[in-house]
Amino acid sequence: MFCCLRTVRRLCLDKILLQCVLQSRTLSGADAINALRPFYFAVHPDFFGQHPKEREVNENSLKRLNGYLENLQKPGFRSFKPTQLTFYVREREPNSSNVQESFSASGFRAVSFTLHTRDLLSTVLDILNSCSLSTEHVQSLNVNSQPHKEAKSTVNRPIKWDKTYYSFTGFKDPEEELEQAQRVETTLLSWLDDNEASAVKKLKKSLPLRKELERLKIELSHELQLSDIRWQRSWGIAHRCSQLHSLGRLVQQRPEILENVKGRTVVFTDRSGMSAAGHVMLGTMDVHHHWTKIFERLPKYYKLQKRLLLLEDRISQLLGGIQVIYIEELQPLLTLEEYFETLNSFYNKLRDSRLPFHPRSLRGLQMILESDRYAPSLHEFGHFMIPTVCDPAALQWFIFSKAQEARENLKRKEEMMITEKELINTSTERFSLDRLYKEPSVSSAQMIDCCKRLLEESLPYLQGMHLCISHFYSVLQDGDLCIPWNWKN
């Protein structure tokens, strides 16, 4: 017995000494950011401005990654749950064997990996290797300079103690904790229980800014006679207030140039101009001088918009009356000029092919043009998704063969939109939510399924909260609760 206790005591001392060594060799937070620069460059949402789905996925994953890295730097923080992340990467490089990878319709590489390391260096190396990025620059930092595999097998390798050590000392076995975390999937109730307090605290802190944002939005919309003010990306409340204050200052300095914006929607986004949907875009990184130029140029944009509408009508006539539409939520963010060029190129191709569509035979149907597809397809909501490079003969055959299905889908879409709206209103009232909304990447069918299942639960945690239906669990910086649409009970 005494021999066993001496062994345990020696093991405890060894563990303390080894932890000291580990602490002396770990990355600092600044080192980690520097080491991850190639990764941030490859996945930064600003580089995906024309691809809303990929940009949104990267934004959400970066928030979760930053939270994971922050927890790693907290002294004494031990409760680590494996975190699965997905990023779209701009480069196409050879893929590592242990990473799930696929390509989106726009050609970006989708990389999925799970983080479960407990130190910054191993985490940084895992991220870089998962995205097929070089790790050589990490060796130049004043930390463990061994290659990733060697580092894992020595300094950064979790210590594998005998099971009797944990029995005698009462310490938790990290391997067993990890296995349990991987086996037990996060449930909605357990996650809400763990995160309600944090969300309430952030929400209360954001309430004054939320009121300020609403006041600024109402005042500017009234003063400029705007149809709406929107944000393309999920910026925080403070960021949005700052953008409205900037617009307000411009109104005071140059009121005459804002006459042309009456009746329009202003969208704060990554670049300035007019969007394909006809909205005035104000780039958040641009200064007042750039915004002023956009407002002065609006009359020219309106003339181009009239030409664009005429071009859509001509395409419609060549395709039997099918309506050409642009859907902001599903298509890349295009400027008016870019969309006009796309339409014009497609129109010239159609005109030269002289397809024999019967006039008005396809009235009531809809289509969108896409530059990053090669084969036509039919969306679940009933509109055709037509590549600009599509062969005219193949296009004709596809539209004819799918016309009836498209009409059925369009009818189902109308019914689904009504059901979705009713369920959102019912859920908001049932749980006394302040707001219930979804991310653009969540479909109506997914939202309906989510709301129906929520209504079967008793969820007192949600009273007065802002609930966002997404693809992951998260508490946003202003207290909004994000839950996946396919949450588990």
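Need pairs with beta-carbon distance below 6 Å; first residue farther than 15 Å from Asp478 by Cβ and within the range 206-219, second hydrophobic (A, V, I, L, M, F, W, C); sequence gap 6+ or separate chains.
So the pair list comes out as Leu216/Leu244; Lys217/Ile229.
Out of (1) out of contact with any strand residue (DSSP E or B) (no Cβ under 9 Å at 6 or more places or on another chain); (2) under 27 Å from Glu59 (Cα atoms); (3) open to solvent by 40 Å² or more (accessible area, probe 1.4 Å); (4) small (Gly, Ala, Ser), what's the single condition that is false for Ser432?
That leaves (2) as the condition not met.
Residue by residue, here is whether (1) open to solvent by 70 Å² or more (accessible area, probe 1.4 Å); (2) within 30 Å of Met285 (Cβ to Cβ); (3) modelled with pLDDT under 65 holds:
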site	(1), (2), (3)
Arg10	yes, no, yes
Ala35	no, yes, no
Lys53	yes, yes, no
Val57	no, yes, no
Lys81	yes, no, no
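Considering only the range 283-330, how many residues are outside any helix (DSSP H, G or I) and more than 14 Å from Gly273 (Cα to Cα)? Steps first, answer last, please.
Residues of the range 283-330 that are outside any helix (DSSP H, G or I), as a first pass: 283-287, 319-330.
Among the residues that remain, those that are also more than 14 Å from Gly273 (Cα to Cα) are: 319-330.
Count: 12.
Assess whether Glu414 counts as being over 30 Å from Leu362 (Cβ atoms) and loosely packed, with under 13 Cβ neighbours inside 10 Å.
no
Please identify the pairs in which a residue from the range 185-196 that is touching a residue at least 40 places away in the same chain (Cβ under 8 Å) has its Cβ atom under 6 Å from the Cβ atom of a residue that is open to solvent by less than 60 Å² (accessible area, probe 1.4 Å) and not in a helix (DSSP H, G or I), counting only partners at least 6 apart or on another chain.
Taking only residues 6 or more apart or on different chains, the pairs are Leu188/Trp487; Trp191/Tyr473; Asn195/Val475.
Pull up the range 363-377, narrow it to residues that are part of a strand (DSSP E or B) and aliphatic (A, V, I, L, M), then point me to the one that is farthest from the chain's Cα centre (by Cα). Before the answer, list the steps.
Restricting attention to the range 363-377, the residues satisfying the condition of being part of a strand (DSSP E or B) are 366-370, 377.
Filter once more, so that each one left must be aliphatic (A, V, I, L, M): 367-369.
Numbers: Met367: 25, Ile368: 22, Leu369: 23 Å.
Among those that are part of a strand (DSSP E or B) and aliphatic (A, V, I, L, M), it is Met367.
Every residue in the range 260-278 that is assigned to a loop (DSSP other than H, G, I, E, B) and under 13 Å from Glu337 (Cα atoms), please. I'd like the intermediate steps shown before the answer.
At the first step, the residues of the range 260-278 found to be assigned to a loop (DSSP other than H, G, I, E, B) are 262-264, 270-272, 276-278.
Residues satisfying the conditions are Ser272, Ala276, Ala277, Gly278.
Before we move on, is Leu309 within 28 Å of Val267 (Cα to Cα), open to solvent by 50 Å² or more (accessible area, probe 1.4 Å) and of a type outside the set (S, T, N, Q)? Break it down into steps so the answer makes sense when it comes.
Details: within 28 Å of Val267 (Cα to Cα): yes; open to solvent by 50 Å² or more (accessible area, probe 1.4 Å): yes; of a type outside the set (S, T, N, Q): yes.
Considered against the rule, which asks whether it is within 28 Å of Val267 (Cα to Cα), open to solvent by 50 Å² or more (accessible area, probe 1.4 Å) and of a type outside the set (S, T, N, Q), Leu309 comes out as yes.
So, Leu333, is that one touching a residue at least 40 places away in the same chain (Cβ under 8 Å), closer than 26 Å to Gly273 by Cα and not in a strand (DSSP E or B) or not?
Criteria met by Leu333.
Given the conditions (1) more than 26 Å from Pro332 (Cβ to Cβ); (2) buried (at least 19 other Cβ atoms within 10 Å of the Cβ), report the number of the one that Ile469 does not fulfil.
Of everything listed in (1) more than 26 Å from Pro332 (Cβ to Cβ); (2) buried (at least 19 other Cβ atoms within 10 Å of the Cβ), Ile469 misses just condition (1).
Collect the residues in the range 233-259 that are touching a Phe, Trp or Tyr at 6+ places or on another chain (Cβ under 7 Å) and either assigned to a loop (DSSP other than H, G, I, E, B) or in contact (Cβ under 8 Å) with a residue 40 or more places away in the chain (or both), keeping them in residue-number order. Quick ask: steps written out before the conclusion?
Restricting attention to the range 233-259, the residues satisfying the condition of being touching a Phe, Trp or Tyr at 6+ places or on another chain (Cβ under 7 Å) are 240, 243, 250, 257-258.
Within the range 233-259, Gln243, Leu250 qualify.
How many residues does the range 312-324 contain that are surrounded by 14 or more Cβ atoms within 10 Å (Cβ to Cβ) and either touching an Asp or Glu at 6+ places or on another chain (Cβ under 6 Å) or free of Cβ contacts under 8 Å to residues at least 12 places away in the same chain (or both)?
Matching residues across the range 312-324 total 2.
The values are calculated or read from the model by the stated rules, or taken from the named source; none is laboratory data. Bear in mind that the values here come from a model prediction, so they are computed numbers and not experimental data. Don't worry about glycine lacking a Cβ; one is built from the backbone with ideal geometry, like all the others, and counts go over all protein chains shown. These area figures cover heavy atoms from the full protein model, side chains too; ligands, DNA and RNA do not enter into them. Shrake-Rupley method; radii C 1.70, N 1.55, O 1.52, S 1.80 Å.
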